[in-house]
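Q: One structure coming up, written as structure tokens, with questions to follow.
The values are calculated or read from the model by the stated rules, or taken from the named source; none is laboratory data. This is a predicted model, so every value here is computed, not measured. Cβ placement follows ideal geometry from the backbone for every residue including glycine, while neighbour counts extend to all protein chains displayed. The accessibility values were calculated without ligands, DNA or RNA, using every heavy atom of the protein model including side chains. Shrake-Rupley method; radii C 1.70, N 1.55, O 1.52, S 1.80 Å.
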Amino acid sequence: MRGNSAPTLTSANLLSRSPLLSFWVLAYGIAWGAFFFARIPDLRGELKWGAEYVTKFGPTLAALLVVVSLGRAARTEWLARIVRWRVHPGWYAFALGAPAVLWLAAIGLFVAQGNAWPAIEWNAQITTTALGLFALRLFAGGGYGEEPGWRGFAQPRLQGRMSPLSASLLIGVVWGVWHAPAFFVEGSGKEGGAVLLVLFTIYSCALSIIFSWFFHRTGGSVLLAAVLHASFNSTENVFKLALPSLNDSPTPTFLFAGRALAYAVMLAGGCGRNLQGIRIPGRSRETTALVPRNP
């Protein structure tokens, strides 16, 4: 008589047994692995370009791999969030305009300190550049490179275990530290060491609260969260192109981050209100999560 054989532990089994842990590990592993691969000396140009591109998609690729392992129901729900576009037009305006409003407020504070109002130098080329930057940030950067992971996958699952505010703060810390290699490698664009990384992580926590609130208010639309993310990432560049004197001092940038932090603190008190608990599709033992209600 043949003995019972031990069940085979496949990669899909490993991912589905601990979805959140698997997501965190993969998000870091994919992005950091590609980041350091791209910095191998004398690496061929197309390989370097490809690795740099993959770096920006760590959270989305990680979420995709885990969701595939969880079955059809989980895949359907995740994809539904990504393409959820039927949202009140006012939220599209918010996603595109909120960072600009924060920048104008920051410049206003800068001027109130006795500085001159920056001269505007706008032209058709800046308009084209602004549109190109936004599209790049949306489709090949923080928008769809990250939001299907942070908001589309991690946020709802974390809210099955903790409050929306706690989930937002945890994602903010993970999100900030996820950028760590760029702060310690010369030529990466963010180099500045541990102090700047800590400040950036605090800023990431503030943005995570804002993005979480927005995610809930738009009925769980990853598409709108990606637009907001891309808008935050591109607005600074556009303002500094149109108002070049802003490049002469770091103060406006810190004032902008401070305004975002203040806004996040105001939102934090009501972050968990008006949410509707529904079940996350997937494994039978998965807990109930707080998922956004349509406004």
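Let's see how each residue does on (1) in contact with a Leu (Cβ under 7 Å, 6 or more places away or on another chain); (2) aliphatic (A, V, I, L, M):
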| position | (1), (2) |
| --- | --- |
| PRO148 | no, no |
| ALA167 | yes, yes |
| VAL173 | no, yes |
| TRP178 | no, no |
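Q: Another question about this same structure. Restricting to region 156-166, and then to whatever is in contact with a helix residue (DSSP H, G or I) (Cβ under 6 Å, 6 or more places away or on another chain) and at pLDDT 90 or above, can you tell me which residue is farthest from VAL265 (Cα to Cα)?
A: Among those residues, the one meeting the criterion is ARG157.
Q: Could you list all residues from region 231-260 that are surrounded by 19 or more Cβ atoms within 10 Å (Cβ to Cβ) and basic (Lys, Arg)?
A: Scanning region 231-260 gives a single hit, ARG259.
Q: If PRO118 meets every condition in (1) open to solvent by less than 40 Å² (accessible area, probe 1.4 Å); (2) within 19 Å of LEU228 (Cα to Cα); (3) outside any helix (DSSP H, G or I) apart from one, which number is that one?
A: Just one mismatch for PRO118, condition (2).
Q: Okay, moving on. State whether the residues of region 140-151 include one that is among the basic types (Lys, Arg), within 11 Å of the chain's Cα centre (by Cα) and within 22 Å of SER18 (Cβ to Cβ).
A: yes
Q: I want to confirm something. Restricting to region 152-177 and keeping residues that are open to solvent by less than 20 Å² (accessible area, probe 1.4 Å) and touching a Gly at 6+ places or on another chain (Cβ under 8 Å), which single residue is farthest from LYS56 (Cα to Cα)?
A: The selected residue is PRO164.
Q: Starting from residues that are closer than 23 Å to GLU77 by Cα and more than 12 Å from the chain's Cα centre (by Cα), keep the ones in region 196-230 and report whichever is most open to solvent (accessible area, probe 1.4 Å).
A: The selected residue is ARG217.
Q: Still on this structure, I have one more. When you check ARG161 against the structure, is it farther than 17 Å from SER221 by Cα, out of contact with any strand residue (DSSP E or B) (no Cβ under 8 Å at 6 or more places or on another chain) and outside any helix (DSSP H, G or I), yes or no?
A: Here the answer is yes, as ARG161 does meet what is asked.
Q: Give all pairs with beta carbons closer than 7 Å in which a residue from region 62-76 that is over 14 Å from ALA154 (Cβ atoms) meets a residue that is open to solvent by less than 20 Å² (accessible area, probe 1.4 Å); count only pairs at least 6 apart in sequence or on separate chains.
A: That search, which allows pairs on different chains as well, returns SER69/SER16; ARG75/VAL67.
Q: Here is a follow-up. Quick one: in region 121-138, of everything that is without any contact (Cβ under 8 Å) to a residue 60 or more places away in the chain and open to solvent by 60 Å² or more (accessible area, probe 1.4 Å), which residue is nearest to THR76 (Cα to Cα)?
A: LEU131
Residues checked against (1) loosely packed, with under 14 Cβ neighbours inside 10 Å; (2) within 26 Å of GLY160 (Cβ to Cβ); (3) over 18 Å from the mean Cα position of the chain (by Cα):
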site	(1), (2), (3)
ASN13	yes, yes, yes
ALA31	no, yes, no
GLU46	yes, no, yes
GLU52	no, no, no
PHE57	no, yes, no
LEU61	no, yes, no
GLY71	no, yes, yes
ALA74	no, yes, yes
ARG81	no, yes, no
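Q: If you take the residues in region 94-115 that are crowded, with 18+ Cβ neighbours inside 10 Å and under 12 Å from LEU243 (Cα atoms), which one is farthest from the chain's Cα centre (by Cα)?
A: ILE107
Each row is one residue, and each column tells you yes or no for (1) assigned to a helix (DSSP H, G or I); (2) at pLDDT below 95; (3) among the hydrophobic types (A, V, I, L, M, F, W, C).
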position	(1), (2), (3)
LEU64	yes, no, yes
ALA80	yes, yes, yes
TRP85	no, yes, yes
PHE110	yes, yes, yes
TRP122	no, yes, yes
GLN125	yes, yes, no
THR128	yes, yes, no
LEU138	yes, no, yes
PRO148	yes, no, no
